[in-house]
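The values are calculated or read from the model by the stated rules, or taken from the named source; none is laboratory data. Remember, predicted model here, so these are calculated numbers, not experimental data. A quick note on method: Cβ atoms are made from the backbone with ideal geometry, for glycine too, and the neighbour counts reach across all protein chains shown. When the accessible area is computed, the model is the full protein with side chains, heavy atoms only, and any ligands, DNA or RNA have been set aside. Shrake-Rupley method; radii C 1.70, N 1.55, O 1.52, S 1.80 Å.
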Amino acid sequence: MTAFARRVQSFGTTIFSEINILAAQHGAVNLGQGRPDFDGPDDIIGAAVTALQAGQYNQYPPGNGAPDFRKSIAAHADRFYGLSIDPDRGVIATAGATEAVFSCILGLVDAGDEVIVIEPYFDSYVPNLIMAGATPVFVPLHAPDWTLDPDELRRAFTPKTRAILWNSPHNPTGRVFTPAEMQLVADLCQEHDVIVISDEVYEHLVFEPAQHTPIAALPGMTERTVTVSSLGKSFSVTGWKVGWVYGPPDLVAGVMRAHQFVTFAVHHPSQIAAAYALSLPGTYFEELQAMYTTRRDILMDGLWQAGIKASAPEGTYFVLGDFSEVFPGDDIEFTKYLITDIGVACIPPSPFYSDAHRSLSGKRVRFAFCKDEATLRTAGERLRKLRG
Ligand code: GLN
């Protein structure tokens, strides 16, 4: 007899945990999981310490989040995207974006509904849908430019489609979809009365000339989109697990019904610090992008010198590198070889595909550049061994 419930029997261990364990065993420079190897800004951490010691924030916050945090989320959406969000009825604080996406699915999607998933997809989406009893319908992006085929997308919409899981800037391809590309998604959603669950955790990791536009900002989309983001990537505090959902009150109310029985509420002092972080001036976000532009270029240089072909991502802190000139096997075999023989860890993207489309991942692996410059240079030196 198996000890597992049927709903989790098909799940393996996440690729991120698997790679972290293997990387640690072999002392590899870990460019796998998107986890900075440097600390978040002192003032944001200071704001959390102050909140912990203030004597006011160590008990339950309201289930939908601390009022100042919700206000800062709405103000941020207005400041950057001109979106008008109700901080009381249109925002929920969550335990990171992962809980946010899951609560959106549980609160808005019925068992038996179809949900469109763009491949490659972030690894929690499909297990989330399976746990909710929903059916994923896969639509792949096409290499090398990672664009959607309009006909494939159109065919995925059926009378059973309830939602599409959208992600831009896109992990792992680094695409930042343009408003023109998103217009087709928006048109189809309106035509078929489909909602969007939009994961925008890399909203501030965008490289010129690319620009991030939330799909909620397209005409007619505000009322059918719940937008998910988090503190982790924008403020280099992935371990805080602080995220949020915003959208129209009628959809957010559904998400809230799920959220209240998933986590009830999330870490109160971090929400106070998060309100501070989201209110930082534009220069903070410009410096973040400049820092990551430099680090992206160091990694790109290391990859090219090693014979791994890669084009610069438009956003996120990931690069997909093509290893076909330096290794004959598939992405899983290359990742293992890279960790054990070369001393660099990366993420194979084939787990981000359905079985039917897995071959589309090709001979590529994902490298993260949210690392100290010295870490990236060491990785580059090790990667050069691939050529010899
Ligand atoms: N978003 C991170 C990445 O893609 C991983 C987060 C996680 O492990 N759940 O690397």
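Odds and ends about this structure:
- Being part of a helix (DSSP H, G or I), closer than 16 Å to V319 by Cα and charged (D, E, K, R) holds for only one residue in R358, R377, and it is R377.
- Among the conditions (1) closer than 22 Å to D250 by Cα; (2) in contact with a helix residue (DSSP H, G or I) (Cβ under 7 Å, 6 or more places away or on another chain), the only one that P120 does not satisfy is (1).
- Any hit, the range 227-238, residues being more than 13 Å from the chain's Cα centre (by Cα) and either under 13 Å from V101 (Cβ atoms) or free of Cβ contacts under 8 Å to residues at least 12 places away in the same chain (or both): no
- Any hit, the range 171-187, residues being in contact with a Phe, Trp or Tyr (Cβ under 7 Å, 6 or more places away or on another chain), more than 30 Å from R6 (Cα to Cα), open to solvent by 10 Å² or more (accessible area, probe 1.4 Å) and within 16 Å of the ligand (Cβ to nearest atom): yes
- Scan the range 338-355 for residues that are under 23 Å from the mean Cα position of the chain (by Cα) and assigned to a helix (DSSP H, G or I) and the total you get is 4.
- Flag for H268 being more than 23 Å from F38 (Cβ to Cβ) and over 22 Å from the mean Cα position of the chain (by Cα): yes
- Residue among V115, V109, V137 that alone is modelled with pLDDT of 95 or more, surrounded by fewer than 20 Cβ atoms within 10 Å (Cβ to Cβ) and within 20 Å of D193 (Cβ to Cβ): V137
- Looking across the range 13-48, the residues that are within 21 Å of the chain's Cα centre (by Cα), open to solvent by 70 Å² or more (accessible area, probe 1.4 Å) and either within 16 Å of the ligand (Cβ to nearest atom) or closer than 16 Å to P348 by Cα (or both) come down to T13, E18, R35.
- Residues of the range 338-353 classified as crowded, with 16+ Cβ neighbours inside 10 Å and away from the ligand (no atom under 13 Å from the Cβ), total: 7
- Those residues of the range 54-107 which are within 16 Å of the ligand (Cβ to nearest atom), assigned to a helix (DSSP H, G or I) and touching a Gly at 6+ places or on another chain (Cβ under 6 Å), in sequence order: G96, A97, A100
- Breaking point among (1) open to solvent by less than 10 Å² (accessible area, probe 1.4 Å); (2) without any contact (Cβ under 8 Å) to a residue 40 or more places away in the chain, for K371: (2)
- Only one entry in R382, R387, R377 is away from the ligand (no atom under 16 Å from the Cβ), open to solvent by 10 Å² or more (accessible area, probe 1.4 Å), over 24 Å from V137 (Cα atoms) and in contact with a strand residue (DSSP E or B) (Cβ under 7 Å, 6 or more places away or on another chain), namely R382.
- Any hit, the range 317-329, residues being touching a residue at least 24 places away in the same chain (Cβ under 8 Å), farther than 21 Å from V228 by Cα, part of a loop (DSSP other than H, G, I, E, B) and open to solvent by less than 20 Å² (accessible area, probe 1.4 Å): yes
- Test result for T335, in a helix (DSSP H, G or I), within 16 Å of the ligand (Cβ to nearest atom) and crowded, with 16+ Cβ neighbours inside 10 Å: yes
- Leading residue by the ranking (nearest to the ligand (Cβ to nearest atom)) among those in the range 362-374 that are in contact with a Ser or Thr (Cβ under 8 Å, 6 or more places away or on another chain) and closer than 17 Å to A23 by Cβ: C370
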